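Take a look at the structure set out below.
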């Protein structure tokens, strides 16, 4: 039986040239970290600027007379609330209310939407979307191979990227975007990210990725003590965890609903979408579990899948857990019964057979200064 070849983004050679340690991530050959290390990458993003290749994400075009109606039928959030040039966070849900995937929806116009889905689920998402469009006047295209996506994140992201574009970045509000040029390359410049920091995600033709990547590193002073650093999957994960952002397969899945994951704010339950009735029922009847954040008070690291206890009773499981490099604490997210979610409550995490103390805290763990 032959080994299946890993997929590569158009920046694969760049990661190797920079000494990236490559791993199999959802079938993609991706850098988990670079020589500076995960902690340095994390802190540089919090304090200065980090650069991330997220070209493994999937991009789907939805165009036509029924574009808004169709995407509203598929997703939990209400696209008709968006103005042209605005994006929002949303979810595709099954009939039972659990999650096919979480995604971003970009509105270019009343008949032109752009969906950005997760790397490991893009084939499943595409099939799900295609299987529901028969009653709608829309055309769809899976354009995932056409785009690179580069995220430049951190307090200095705007000043670095501004060196490469005539688009006035300060005028782009959070979760809004502009079409413009970056280093002479046509691009979508979106003020979004997955780190809890200010920053931008730049979408462009995949064959232009190396030019954009290298120019962003150059503009950010890569190589200096406070210059931009390329960042791998590990830093991306610790950054999103400090900001208590959900990761599909952990805080969201085909066994978890958005309401359980504290994402009721993206579920417009007065609208009609696949799964809305199940979510209305769940909200009416009450949740069996809810996502909480916790900090370890004993010395030890809670990892994904570790059991959570209250006294001798097992009450849940850790969905994500790791050290938080900026906060200098060990933190995690877990599902527990709703009556046990109050901040300050002591719980225990089973860390390799030892019950270690932790305390439920409010999330996000980290919130940047505006």
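Since every read-out is calculated from the coordinates, none of them should be taken as a lab result. Computed from a predicted model, the values in this text were never measured in an experiment.
Structure values in brief
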{"quantity": "Calculated on alpha-carbon atoms, Rg and Dmax of the chain in Å", "calculated": "20.7, 62"}
{"quantity": "Gaussian network model of the chain, Cα within-10 Å springs - most flexible of 131, 144, 243", "calculated": "131"}
{"quantity": "Computed over the range 288-361, the ratio Rg/Rh where both radii use C-alpha atoms and Rh is Kirkwood", "calculated": "0.92"}
{"quantity": "Gap separating the Cα centres of the range 270-335 and the range 1-51, nearest whole Å", "calculated": "28 Å"}
{"quantity": "The range 198-263 - Rg and Dmax from Cα coordinates, angstrom", "calculated": "16.4, 46"}
{"quantity": "At q = 0.21 Å⁻¹, base-10 log of I(q)/I(0) for the range 6-72 (Debye sum, equal scatterers on each alpha carbon)", "calculated": "-0.87"}
{"quantity": "Taking only Cα atoms of the range 1-147, radius of gyration then Dmax in Å", "calculated": "17.8, 52"}
{"quantity": "Pairwise centroid distance, computed over Cα atoms, of the range 120-157 with the range 198-230, Å", "calculated": "23 Å"}
